[in-house]
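A short reminder: the numbers here are calculations on the coordinates, not readings from a lab. Because the structure is a prediction, the values reported are computed rather than measured. A quick note on method: Cβ atoms are made from the backbone with ideal geometry, for glycine too, and the neighbour counts reach across all protein chains shown.
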Amino acid sequence: MAEIGIRQPKLQVLGGFVILDMEGFSLQHIATLTPTIAYQMVCLLGVATPGRLQGCHIINYNWLLNSFFYIFKRFIPQQAWGRIFFHGHDLKSLHQHIDPECLPKRYGGTCRNHVSIGQWFQKIKKYRDEQFDKEMKDLGYLVKE
């Protein structure tokens, strides 16, 4: 889905933001994150995407994850770190960066333009053709025929 979004001229010009909801993220998940993986994830979000990333907002994480983030700060490029915002469970902090009118109710917002995952997949289908499938396979995605 991100690949399709990045292809949109409007998104390339205006940019967008990512909300990373860490609800349910456990110690088992943390155990799989090495400095290399954390570095690669942040670089993908903050530096290596062709679209203009306004920011990555991390919410609903616990104190242990907070410590983890700051341990890995030294491995992350300053350019990428400057686009990462930590809000914990404080949605008012999130609202200082993103207008609540653009957020769903679960994030304290008032956006009424909710699209179900089924509707989203229907919209994505219009972009799918042989060339798109080939590009996705070349990028390492599994594409069902």
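Here are the numbers for this structure:
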{"read-out": "Kyte-Doolittle at least 0.0, axis length at least 15 Å by Cα - qualifying DSSP helices, the chain", "value": "35-46"}
{"read-out": "Neighbour-limited loop hits for chymotrypsin sites (Phe, Trp or Tyr not before Pro), region 53-145 (at most 13 other Cβ within 10 Å; DSSP other than H, G, I, E, B)", "value": "TYR127, TYR141"}
{"read-out": "Likely footprinting exposure, ARG52, ARG74, fewest C-beta neighbours within 10 Å first", "value": "ARG74, ARG52"}
{"read-out": "Cβ-based net charge around TRP81, under 14 Å, with every Lys or Arg adding one and every Asp or Glu removing one", "value": "+3"}
{"read-out": "Counting DSSP beta bridges with both ends in the chain, the antiparallel % (nearest 5)", "value": "0"}
{"read-out": "Of [x] 27, 21, 16; [y] 24, 19, 13; [z] 36, 30, 14, the label for semi-axes √(5λ) of the Cα gyration tensor in Å derived from the coordinates", "value": "[x]"}
{"read-out": "GLU130, GLU23 arranged by Cβ crowding within 10 Å, fewest neighbours leading", "value": "GLU130, GLU23"}
{"read-out": "Region 112-145: trypsin sites (Lys or Arg not before Pro) in DSSP loop, at most 15 other beta carbons within 10 Å", "value": "ARG112, LYS126, ARG128, LYS144"}
{"read-out": "Fewest-first sequence of HIS95, HIS57 by Cβ atoms within 10 Å of each Cβ", "value": "HIS95, HIS57"}
{"read-out": "Under 28 Å from the Cα of LYS134 - lysines, other chains or at least 8 residues apart", "value": "LYS10, LYS123, LYS125, LYS126, LYS144"}
